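> Here it is: the structure, laid out below.
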């Protein structure tokens with residue numbers, strides 16, 4: 001079995017893996033570094049850090065454009081990210097959007 | 001001999017199934033036999049074993065969802081009439097369902113509110129003979145479709161959807177009697193509608209009591225429209241061009257006011273070309289914010305593999321803003337905090353009508 005597996009791995013490479021979407025909340029400081037997180041530790045921390053930095057950057061850009069925002073939400077096909085600005089950073093919520101999961105109230109942004 | 005058709009209802013909600021069974025069993029004049037299934041697998045088994053005429057399928061279901069089911073059915077049972085039901089008013093669902101070739105898309109809430117119309121549509125689908133008529137129209141312009149309806153001297157209401165924009169045309173015995181789209185009615189609505197290059201359409205039952213606002217024959221209207229489009233395309237006259245641009249700006253402003261938005265900024269995503277803005281003086285700062293928000297969101301979506309970006313929304317005590325991309329431009333729409341309704345949908349509508 002091990003012999004066949006080796007041959008197949010050599011020919012076709014490893015099968016692509018499916019990464020689970022992050023679910024939970026993250027608190028970040030003003031630089032976007034993670035302070036606390038309830039997202040599964042199996043989710044890559046580097047990507048989570050990038051989420052924090054991008055969200056903080058979004059709040060910063062809005063302030064620079066004279067339109068400071070208290071809350072932002074990014075709606076993707078299969079993930080909703082909502083973030084609220086705090087005095088020393090931001091709290092970010094990540095909700096995977098599956099067919100079985102109820103959608104958030106669309107009347108509120 | 002009168003054929004008793006069979007209808008198959010597919011929904012994972014048992015209460016809804018029994019409610020539908022009762023509604024359809026009592027109200028359909030042809031008294032069809034109603035079968036039910038609560039999973040796609042069960043529905044497929046019934047389709048294999050029974051002579052089903054019409055499938056009414058819910059879109060949101062576990063495991064195999066409605067859209068997957070409709071795709072399977074279209075391939076395996078091409079003769080089967082299909083109706084897609086959805087509890088959610090989402091244009092994307094509607095377009096995807098029609099792209100899969102469903103005969104009718106209906107909202108569950110609308111079905112309860114307007115059950116008479118739903119029953120009429122259903123009866124018309126059941127009664128449509130297998131031998132007469134083709135289904136599925138591709139690569140035909142709206143002009144062709146309207147001409148076909150008029151030439152066949154039919155009476156119908158054509159409901160045309162282009163993204164979030166909806167228009168209706170009333171045809172009575174081969175004559176176009178009324179048109180309505182986005183606040184416009186009659187000839188202006190018809191002229192606007194002809195500028196649409198893509199969309200989906202469906203036939204609704206005729207409304208013979210609709211008051212007439214269009215009196216010109218259809219050929220004259222089409223000719224006028226074609227002429228004006230041709231003139232606009234070939235005209236190099238700066239005065240005419242200015243007047244056209246002015247008309248467009250007035251139209252955009254009226255749309256903005258009608259929807260209740262504060263401002264809109266349209267920014268080319270590739271950085272080439274000038275941004276356009278209405279209702280705001282802070283064009284350069286908002287342009288920068290739109291570009292940055294679009295870049296950040298796209299990058300984030302790619303890293304997270306979270307699917308396409310639908311929109312970015314933000315709010316503070318004074319305003320709500322919504323950024324969405326369409327084609328090669330990103331749009332930022334500002335709304336007052338007390339704006340009601342589904343703002344994402346309203347913004348999408350505003351953005352869709354920007355170039356129409």
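The values are calculated or read from the model by the stated rules, or taken from the named source; none is laboratory data. Note that this is a predicted model, so its numbers are computed, not measured. With ideal geometry, Cβ positions are generated from the backbone for all residues, glycine too; neighbour counts draw on all protein chains shown.
> If I go through the range A:1-39 residue by residue, how many of them are part of a loop (DSSP other than H, G, I, E, B), modelled with pLDDT of 60 or more and more than 29 Å from residue A:78 (Cα to Cα)?
Start the filter on the range A:1-39 by keeping residues that are part of a loop (DSSP other than H, G, I, E, B), which leaves A:1, A:13-23, A:30-33, A:38-39.
Keeping just the survivors that are modelled with pLDDT of 60 or more gives A:18-23, A:30-33, A:38-39.
Imposing the further condition that a residue be more than 29 Å from residue A:78 (Cα to Cα) reduces the set to none.
Counting residues in the range A:1-39 that are part of a loop (DSSP other than H, G, I, E, B), modelled with pLDDT of 60 or more and more than 29 Å from residue A:78 (Cα to Cα) gives 0.
> Exactly one of these conditions fails for residue B:53: (1) farther than 19 Å from residue B:106 by Cα; (2) at pLDDT 85 or above. Give me its number.
Here residue B:53 meets the rest and fails (1).
> Sticking with this one: For the range B:296-319, does any single residue satisfy the condition of being in a loop (DSSP other than H, G, I, E, B) and either in contact (Cβ under 8 Å) with a residue 60 or more places away in the chain or more than 10 Å from chain A (Cβ to nearest Cβ) (or both)?
Taking the range B:296-319 first, the residues in a loop (DSSP other than H, G, I, E, B) are B:305-308, B:316-318.
Add one more test, that the residue is either in contact (Cβ under 8 Å) with a residue 60 or more places away in the chain or more than 10 Å from chain A (Cβ to nearest Cβ) (or both), and what stays is none.
Checking the range B:296-319: not a single residue is in a loop (DSSP other than H, G, I, E, B) and either in contact (Cβ under 8 Å) with a residue 60 or more places away in the chain or more than 10 Å from chain A (Cβ to nearest Cβ) (or both).
> If you don't mind, another one. So which pairs qualify, if the first residue must be in the range B:11-25 and over 24 Å from residue B:68 (Cβ atoms), the second must be in a helix (DSSP H, G or I), the Cβ gap must be under 7 Å, and the two must be at least 6 apart or on different chains?
As it stands, the answer is B:23/B:115, since those pairs meet every condition given.
> Since residue B:264 meets every condition but one in (1) touching a strand residue (DSSP E or B) at 6+ places or on another chain (Cβ under 9 Å); (2) closer than 28 Å to residue B:181 by Cβ; (3) surrounded by fewer than 21 Cβ atoms within 10 Å (Cβ to Cβ); (4) more than 13 Å from every other protein chain (Cβ to nearest Cβ), which condition does it not meet?
(3)
> Go through (1) in contact with a strand residue (DSSP E or B) (Cβ under 6 Å, 6 or more places away or on another chain); (2) under 25 Å from residue A:94 (Cα atoms); (3) more than 7 Å from every other protein chain (Cβ to nearest Cβ) and name the single condition residue B:343 misses.
Just one mismatch for residue B:343, condition (3).
> Hand me the list of helices (runs of 4 or more DSSP H) wholly inside the range B:10-105 holding 1 or more residues that are over 18 Å from the mean Cα position of the chain (by Cα).
Values: elements: B:14-27, B:40-49, B:66-76, B:91-99.
Helices (runs of 4 or more DSSP H) meeting the threshold: B:14-27, B:40-49, B:66-76.
> Those residues that are in contact with a helix residue (DSSP H, G or I) (Cβ under 6 Å, 6 or more places away or on another chain), under 22 Å from residue B:123 (Cα atoms) and without any contact (Cβ under 8 Å) to a residue 40 or more places away in the chain, I need them from the range B:36-66; list them, please.
Within the range B:36-66, B:36, B:37, B:59 meet the criteria.
> While we're looking at this one, here's another question. Can you tell which of A:48, A:58 is in contact with a helix residue (DSSP H, G or I) (Cβ under 8 Å, 6 or more places away or on another chain) and either more than 18 Å from residue B:286 (Cα to Cα) or facing chain B (nearest Cβ under 7 Å) (or both)?
Exactly one residue qualifies, and that residue is A:58.
> Mind listing just one residue for me: the one in the range B:210-262 that is modelled with pLDDT under 75 and outside any helix (DSSP H, G or I) and, of those, nearest to residue B:148 (Cα to Cα)?
B:235
> For the range B:275-295, how many residues meet the condition of being without any contact (Cβ under 8 Å) to a residue 24 or more places away in the chain and over 30 Å from the mean Cα position of the chain (by Cα)?
Going residue by residue through the range B:275-295, those that are without any contact (Cβ under 8 Å) to a residue 24 or more places away in the chain are B:275-277, B:281-285, B:287-288, B:292, B:295.
Next, from what is left, pick out any that are over 30 Å from the mean Cα position of the chain (by Cα): B:281-285, B:288, B:292.
Here the count works out to 7.
> If residue B:190 passes every condition in (1) surrounded by fewer than 13 Cβ atoms within 10 Å (Cβ to Cβ); (2) at pLDDT 80 or above; (3) within 20 Å of the chain's Cα centre (by Cα) but one, which one does it miss?
Here residue B:190 clears every test but (1).
> Condition (residue is under 14 Å from the mean Cα position of the chain (by Cα) and not in a strand (DSSP E or B)) applied to the range B:171-181: is it met by at least one residue?
no
> Further question on the same structure: Hey, among the residues in the range A:68-99 that are facing chain B (nearest Cβ under 7 Å) and crowded, with 20+ Cβ neighbours inside 10 Å, which one's farthest from residue B:332 (Cα to Cα)?
So in the range A:68-99, the residues facing chain B (nearest Cβ under 7 Å) come out as A:68-79, A:99.
Next cut, crowded, with 20+ Cβ neighbours inside 10 Å only: A:69, A:72-76, A:79.
Details: A:69: 14, A:72: 14, A:73: 14, A:74: 14, A:75: 15, A:76: 17, A:79: 21 Å.
In this case the residue turns out to be A:79.
> Further question: In this structure, does residue B:334 turn out to be in contact with a strand residue (DSSP E or B) (Cβ under 9 Å, 6 or more places away or on another chain), within 14 Å of chain A (Cβ to nearest Cβ), surrounded by 19 or more Cβ atoms within 10 Å (Cβ to Cβ) and more than 25 Å from residue A:49 (Cβ to Cβ)?
On the way: in contact with a strand residue (DSSP E or B) (Cβ under 9 Å, 6 or more places away or on another chain): yes; within 14 Å of chain A (Cβ to nearest Cβ): yes; surrounded by 19 or more Cβ atoms within 10 Å (Cβ to Cβ): yes; more than 25 Å from residue A:49 (Cβ to Cβ): yes.
Spelling it out, residue B:334 is indeed in contact with a strand residue (DSSP E or B) (Cβ under 9 Å, 6 or more places away or on another chain), within 14 Å of chain A (Cβ to nearest Cβ), surrounded by 19 or more Cβ atoms within 10 Å (Cβ to Cβ) and more than 25 Å from residue A:49 (Cβ to Cβ).
> Conditions first: (1) surrounded by fewer than 18 Cβ atoms within 10 Å (Cβ to Cβ); (2) closer than 21 Å to residue B:346 by Cα. Residue B:273 passes all but one, so which condition is the exception?
Every condition holds for residue B:273 apart from (2).
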